[in-house]
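For reference, the structure I am asking about is given below.
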Amino acid sequence: MVERRVTRQLMVGKVPVGGGAPVSIQSMTTTKTSDVEGTLTQIYALAATGADIVRCTCNEEEAAEGLARIVPRSPVPIVADIHFQYRLALAALEAGVQALRLNPGNIRNPQHIKTVATEARERNVPIRIGVNAGSLDPDMAAKHGGITPEALVASAMHELSLFEEVGFDDVKISVKASNVALMIESYRLLSATTDHPLHLGVTEAGPPPQGLIKGTAGIGTLLAEGIGDTIRYSLTADPVEEAKAGRTLLEAMGLRERKGLDLIACPSCGRAEVDVIRVASEAQAALEARNIPLQVAVMGCVVNGPGEAREADLGIAAGRGKGHLFVRGKVVRVVPEAEMVGALVREAELIVAEGIEARLAAADENAEAIAAATREELLQIQGTDANHSEERVERIRDIAG
Ligand code: SF4
């Protein structure tokens, strides 16, 4: 496990950020903030998916008024996103938001920046300095030879120095870019420059799957180096997908406790006794609908399935028209193939209710023997070269020789 870089801690409402706190997940609403009910519906959906903090745009007076009505009813802290008009930052503070995000590229008047920081200090509200490569202050770019990591970090540090002039340092920082390599280098430099908590993100990453890949490449690389205290995927998609991606990444990296399903499935091969893609997607839909917080495996054959997925809490492997249900690698029940998904879901519910040990104790005592016999039978039929690799090698030798 990589050691996380030590940062100071701040509080976004009740959510601690930095200073050893769990890495938090953020997303942003796509509704008009003046649409109070619509925005709250989205905030609730995001919170249910795992978002710890939600950002809403505060781009007009009606949005600030909306925030005044949203904040008291929100299940998670709200960050107001401010662009260009510093007065809207003051209005958002009056609305009671738990944090602000300021973009140094588009509020450049030092007096305006200091006025906002003073008000935030008075109200004990943290600010994220959110530098964005796409809207970097042109003076910074000119001074640092273009849109470089040095220019992005200098922009953040300049904003921080203005805050410090009025005695405000309740700050987290982001230096986002849509170019993943630039984003990674910028955060590495930022992390070496300051101990303020860092908010990670690849901005304008686009729709999934490309957006997910770019976000994961950037955020995951930095987290693996111990850098980052809070994260946001920026996807051109329903924001619930952003929260889901954030949650999945943190759970996969062991940075957050698993709250949802982790479905693993083999890629399938010549040994597969079932349509793995179909069974996996049916199982995923049924288990997600029940919010099962387990690691569940769908494996194409009983020859290798239970062994390869022995770390999973629960799994199913196919063999000769049957589903072999296994718990932590031990086959506990054999069911007809048509009942595979149903049996998997039932067992998952029983594990959640009774625990792993109880379900291992309740195993059908013949199941392991049936699985061993089926494994043997399949090996007899398929041989050890089920993917016909060795046959192909022979043929290649004939052709090439
Ligand atoms: S050997 Fe079995 S479990 Fe492994 S990929 Fe092939 S079908 Fe899946």
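Quick check on the range 213-233: of everything there that is in a loop (DSSP other than H, G, I, E, B) and out of contact with any helix residue (DSSP H, G or I) (no Cβ under 8 Å at 6 or more places or on another chain), which residue is nearest to residue 128 (Cα to Cα)?
The first filter runs over the range 213-233 and keeps only residues in a loop (DSSP other than H, G, I, E, B), leaving 225-229, 233.
Retained after the next criterion (residues that are out of contact with any helix residue (DSSP H, G or I) (no Cβ under 8 Å at 6 or more places or on another chain)): 226, 229.
On the way: 226: 20, 229: 12 Å.
Per the criteria, the residue is 229.
Would you confirm, using the coordinates I've provided, whether residue 213 is more than 16 Å from the ligand (Cβ to nearest atom) and either in the same structural domain as residue 50 (by TED's automatic domain parsing) or out of contact with any strand residue (DSSP E or B) (no Cβ under 7 Å at 6 or more places or on another chain) (or both)? Outline the logic, then answer.
Working: more than 16 Å from the ligand (Cβ to nearest atom): yes; either in the same structural domain as residue 50 (by TED's automatic domain parsing) or out of contact with any strand residue (DSSP E or B) (no Cβ under 7 Å at 6 or more places or on another chain) (or both): yes.
Yes.
Of everything in the range 266-285 that's among the small types (Gly, Ala, Ser) and surrounded by fewer than 16 Cβ atoms within 10 Å (Cβ to Cβ), which residue is farthest from the chain's Cα centre (by Cα)?
Of the residues in the range 266-285, the ones among the small types (Gly, Ala, Ser) are 268, 270, 272, 280-281, 283, 285.
If we keep only those that are surrounded by fewer than 16 Cβ atoms within 10 Å (Cβ to Cβ) as well, we get 270, 281, 285.
Working: 270: 33, 281: 20, 285: 19 Å.
Of everything passing the filter in the range 266-285, 270 is farthest from the chain's Cα centre (by Cα).
May I ask you to list the residues in the range 235-264 that are crowded, with 21+ Cβ neighbours inside 10 Å and small (Gly, Ala, Ser)?
243, 245, 246
Sticking with this structure for a sec: Filter the range 10-44 for residues that are in contact with a Pro (Cβ under 8 Å, 6 or more places away or on another chain) and in a helix (DSSP H, G or I); which is farthest from residue 74 (Cα to Cα)?
Filtering the range 10-44 for residues that are in contact with a Pro (Cβ under 8 Å, 6 or more places away or on another chain) and in a helix (DSSP H, G or I), the one farthest from residue 74 (Cα to Cα) comes out as 42.
Please find, within the range 300-324, the residue that is nearest to residue 283 (Cα to Cα) out of those that are hydrophobic (A, V, I, L, M, F, W, C) and within 15 Å of the ligand (Cβ to nearest atom).
Restricting attention to the range 300-324, the residues satisfying the condition of being hydrophobic (A, V, I, L, M, F, W, C) are 301-303, 309, 312, 314, 316-318.
This time we only want the ones that are within 15 Å of the ligand (Cβ to nearest atom), so: 301-303, 309, 312, 316-318.
Values: 301: 16, 302: 17, 303: 21, 309: 16, 312: 15, 316: 10, 317: 12, 318: 14 Å.
Within the range 300-324, the match that is nearest to residue 283 (Cα to Cα) is 316.
A further question follows. Going by the conditions given, is residue 268 within 16 Å of the ligand (Cβ to nearest atom), of a type in the set (Ser, Thr, Tyr) and either in contact (Cβ under 8 Å) with a residue 40 or more places away in the chain or more than 16 Å from residue 292 (Cα to Cα) (or both)?
Values: within 16 Å of the ligand (Cβ to nearest atom): yes; of a type in the set (Ser, Thr, Tyr): yes; either in contact (Cβ under 8 Å) with a residue 40 or more places away in the chain or more than 16 Å from residue 292 (Cα to Cα) (or both): yes.
It is true that residue 268 is within 16 Å of the ligand (Cβ to nearest atom), of a type in the set (Ser, Thr, Tyr) and either in contact (Cβ under 8 Å) with a residue 40 or more places away in the chain or more than 16 Å from residue 292 (Cα to Cα) (or both).
Something else now. Against the conditions (1) more than 12 Å from the ligand (Cβ to nearest atom); (2) within 19 Å of residue 265 (Cβ to Cβ); (3) of a type in the set (Gly, Ala, Ser); (4) touching a residue at least 24 places away in the same chain (Cβ under 8 Å), where does residue 362 fall short? Just the number, please.
(2)
Could you grab me the full set of residues in the range 365-393 that are more than 16 Å from the ligand (Cβ to nearest atom), surrounded by 11 or more Cβ atoms within 10 Å (Cβ to Cβ) and of a type in the set (Asp, Glu)?
Across the range 365-393, the qualifying residues are 368, 391.
Hey, among 165, 273, which residue is among the acidic types (Asp, Glu) and in the same structural domain as residue 317 (by TED's automatic domain parsing)? First the steps, then the outcome.
Values: 165 fails: in the same structural domain as residue 317 (by TED's automatic domain parsing).
Exactly one residue qualifies, and that residue is 273.
Then there's this: Would you check which residues across the range 140-169 are under 18 Å from residue 125 (Cα atoms) and surrounded by fewer than 18 Cβ atoms within 10 Å (Cβ to Cβ) and list them?
Residues of the range 140-169 that are under 18 Å from residue 125 (Cα atoms), as a first pass: 159-169.
Scanning the range 140-169 gives 161, 164, 165, 166, 167, 169.
Among the residues of the range 169-223, how many are among the basic types (Lys, Arg) and farther than 19 Å from residue 140 by Cβ?
Let us first name the residues in the range 169-223 that are among the basic types (Lys, Arg), namely 172, 176, 188, 214.
Going one step further and asking which of them are farther than 19 Å from residue 140 by Cβ, we end up with 172, 214.
Total satisfying the criteria: 2.
Now a separate question. Are any residues in the range 183-199 part of a helix (DSSP H, G or I) and buried (at least 24 other Cβ atoms within 10 Å of the Cβ), and if so, which ones?
First, pick out the residues of the range 183-199 that are part of a helix (DSSP H, G or I): 183-193.
Of everything in the range 183-199, those that are part of a helix (DSSP H, G or I) and buried (at least 24 other Cβ atoms within 10 Å of the Cβ) turn out to be 183, 186, 187.
Quick check: is even one residue across the range 81-94 surrounded by 18 or more Cβ atoms within 10 Å (Cβ to Cβ), aromatic (Phe, Trp, Tyr), out of contact with any strand residue (DSSP E or B) (no Cβ under 7 Å at 6 or more places or on another chain) and touching a residue at least 24 places away in the same chain (Cβ under 8 Å)?
Within the range 81-94, one or more residues are surrounded by 18 or more Cβ atoms within 10 Å (Cβ to Cβ), aromatic (Phe, Trp, Tyr), out of contact with any strand residue (DSSP E or B) (no Cβ under 7 Å at 6 or more places or on another chain) and touching a residue at least 24 places away in the same chain (Cβ under 8 Å).
The values are calculated or read from the model by the stated rules, or taken from the named source; none is laboratory data. Owing to the predicted nature of the structure, the values given are computational and were not obtained by experimental measurement. All Cβ positions, glycine included, derive from the backbone under ideal geometry; neighbour counts span all protein chains shown.
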